[in-house]
Amino acid sequence: MKSTIGIIDSGVGGLSVLKEAMRLLPGEDFIYLGDNARCPYGIRPTQEIYQFTKEMIDYLISQEVSTIVIACNTATAVALDQLKELYDIPLIGVIQPGAKKAVQTTNSKRVGVIGTKNTIQSKSYTEAIQLLDQSIHIFDLATQNFVDLVERNMTDESITLPIIERTLQPLMDESIDTLILGCTHFPLLSSVIQRAVGPNIRLIDSGYETAYVLKEKMSQSLDVFEQKNDRPPVNVRFLTTGDVTHFKTIAERWLQMEIEHVQQITLGEFK
Ligand code: DGL
């Protein structure tokens with residue numbers, strides 16, 4: 001049976017997960033929900049992030065999704081374990097897949113992690129990496145300012161490169177060979193980040209890795225579609241709690257597709 005996959009984020013960052021998920025699962029239906037009106041989550045109290053994430057999950061369950069990807073490192077770090085106890089439907093987070101890929105990638109065993117203030121404070125990546133390989137040295141840095149650049153659609157290199165270079169200098173001083181983009185907003189800046197750190201540092205996109213985990217989970221239904229030559233086109237519903245025009249501009253640019261309709265919804269009590 002065909003099912004709908006829900007993808008949630010505090011804003012437009014989860015589009016980096018959706019983009020890969022659409023590529024890997026072309027026969028599936030998706031609903032994307034961005035809580036842009038309450039973004040950023042990265043500097044909010046833990047209890048609020050938990051509550052907001054729960055509201056997004058409850059909304060998507062009311063829309064009959066079968067699986068939800070929490071395409072937000074902050075919500076994964078702060079709320080995933082607790083939320084998993086509440087729901088029967090599969091909830092997939094983004095930290096574990098990114099940590100695993102970094103462990104497989106690093107040669108020097110010196111890995112950098114960038115993320116929001118809350119993600120970095122939670123030490124979730126450090127724990128996930130060290131569970132897999134204790135000999136890896138982790139250098140983490142909160143780069144909350146990168147979220148603002150993406151949410152404000154300020155992704156042009158002329159603006160972002162000097163900011164990114166300056167912000168990442170402390171990690172460059174640690175001779176890392178691998179850098180985890182531990183926030184789903186950051187892949188929208190990945191070409192500039194790559195330029196800032198140089199070609200010898202491998203970037204790990206945790207959202208991209210998560211899309212493969214999702215594909216694995218959905219593999220049964222994918223097999224059904226792969227047996228057909230005429231796969232149905234990807235069908236995505238876009239929802240935001242914020243401004244629809246702004247959301248549409250960023251989503252169309254990032255996904256390189258025309259979006260007919262973005263629906264605005266209200267969740268909980270606006271803060
Ligand atoms: N996209 C989010 C993440 O992966 C959060 C950005 C924010 O709301 O601060 O952490």
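Sort out which residues of region 135-159 are more than 20 Å from the chain's Cα centre (by Cα) and modelled with pLDDT under 95, and write them in order of number.
Residues satisfying the conditions are D156, E157, S158, I159.
Only one of (1) more than 20 Å from the chain's Cα centre (by Cα); (2) small (G, A, S); (3) surrounded by 21 or more Cβ atoms within 10 Å (Cβ to Cβ) fails for G198. Which number is that?
Among (1) more than 20 Å from the chain's Cα centre (by Cα); (2) small (G, A, S); (3) surrounded by 21 or more Cβ atoms within 10 Å (Cβ to Cβ), G198 violates only (3).
Looking at region 214-227 only, could you name the residues that are among the hydrophobic types (A, V, I, L, M, F, W, C) and either under 21 Å from Q63 (Cα atoms) or at pLDDT 95 or above (or both)? Spell out the reasoning first.
Taking region 214-227 first, the residues among the hydrophobic types (A, V, I, L, M, F, W, C) are 214, 218, 222, 224-225.
The answer is L214, M218.
Taking region 92-104 as the search range and keeping residues that are open to solvent by 20 Å² or more (accessible area, probe 1.4 Å) and either in contact with a strand residue (DSSP E or B) (Cβ under 7 Å, 6 or more places away or on another chain) or in contact (Cβ under 8 Å) with a residue 24 or more places away in the chain (or both), which one is farthest from the ligand (Cβ to nearest atom)? Don't jump to the end; show me each part of the working.
Initially, region 92-104 is screened for residues open to solvent by 20 Å² or more (accessible area, probe 1.4 Å), giving 96, 100-101, 103-104.
Narrowing the set further to residues that are either in contact with a strand residue (DSSP E or B) (Cβ under 7 Å, 6 or more places away or on another chain) or in contact (Cβ under 8 Å) with a residue 24 or more places away in the chain (or both) leaves 96, 100-101, 103.
Details: Q96: 14, K100: 17, K101: 16, V103: 20 Å.
By that ranking, first place goes to V103.
Kindly evaluate D81 against the criterion of being among the acidic types (D, E), outside any helix (DSSP H, G or I) and more than 30 Å from V197 (Cα to Cα).
Numbers: among the acidic types (D, E): yes; outside any helix (DSSP H, G or I): no; more than 30 Å from V197 (Cα to Cα): yes.
It is false that D81 is among the acidic types (D, E), outside any helix (DSSP H, G or I) and more than 30 Å from V197 (Cα to Cα).
Please work out which residue is farthest from the ligand (Cβ to nearest atom), limiting yourself to region 172-187 and to residues that are in a loop (DSSP other than H, G, I, E, B) and in contact (Cβ under 8 Å) with a residue 24 or more places away in the chain. Quick ask: steps written out before the conclusion?
Initially, region 172-187 is screened for residues in a loop (DSSP other than H, G, I, E, B), giving 173-177, 182-185.
Checking which are in contact (Cβ under 8 Å) with a residue 24 or more places away in the chain leaves us with 174-177, 182-185.
Working: E174: 22, S175: 26, I176: 20, D177: 23, G182: 7, C183: 4, T184: 4, H185: 5 Å.
Out of the qualifying residues, it is S175.
Name every residue in region 1-37 that is part of a helix (DSSP H, G or I) and within 11 Å of the chain's Cα centre (by Cα), in order of residue number.
Narrowing region 1-37 to residues part of a helix (DSSP H, G or I): 15-24, 36-37.
Across region 1-37, the qualifying residues are L15, S16, V17, L18, K19, E20.
Given (1) more than 16 Å from the ligand (Cβ to nearest atom); (2) open to solvent by 30 Å² or more (accessible area, probe 1.4 Å), where does E28 come up short, assuming only one miss?
(2)
Keeping to region 143-171, report how many residues are without any contact (Cβ under 8 Å) to a residue 60 or more places away in the chain, within 14 Å of the ligand (Cβ to nearest atom) and either in contact with a Phe, Trp or Tyr (Cβ under 8 Å, 6 or more places away or on another chain) or open to solvent by less than 70 Å² (accessible area, probe 1.4 Å) (or both).
Residues meeting the conditions: 4.
How many residues are modelled with pLDDT under 95 and part of a loop (DSSP other than H, G, I, E, B) when one looks only at region 228-242? Walk me through it before giving the result.
Start the filter on region 228-242 by keeping residues that are modelled with pLDDT under 95, which leaves 228-235.
This time we only want the ones that are part of a loop (DSSP other than H, G, I, E, B), so: 228-234.
Number of matching residues: 7.
Could you tell me whether region 38-46 includes any residue that is assigned to a loop (DSSP other than H, G, I, E, B), open to solvent by less than 40 Å² (accessible area, probe 1.4 Å) and β-branched (V, I, T)?
Looking through region 38-46, none of the residues is assigned to a loop (DSSP other than H, G, I, E, B), open to solvent by less than 40 Å² (accessible area, probe 1.4 Å) and β-branched (V, I, T).
The values are calculated or read from the model by the stated rules, or taken from the named source; none is laboratory data. The structure presented is a predicted model; accordingly, all values stated were derived computationally and were not measured. Because the Cβ atoms are built from the backbone with ideal geometry, glycine has one as well, and the counts that use them run over all protein chains shown. Heads up: the accessible areas ignore ligands, DNA and RNA and are worked out on the full protein's heavy atoms, side chains in. Shrake-Rupley method; radii C 1.70, N 1.55, O 1.52, S 1.80 Å.
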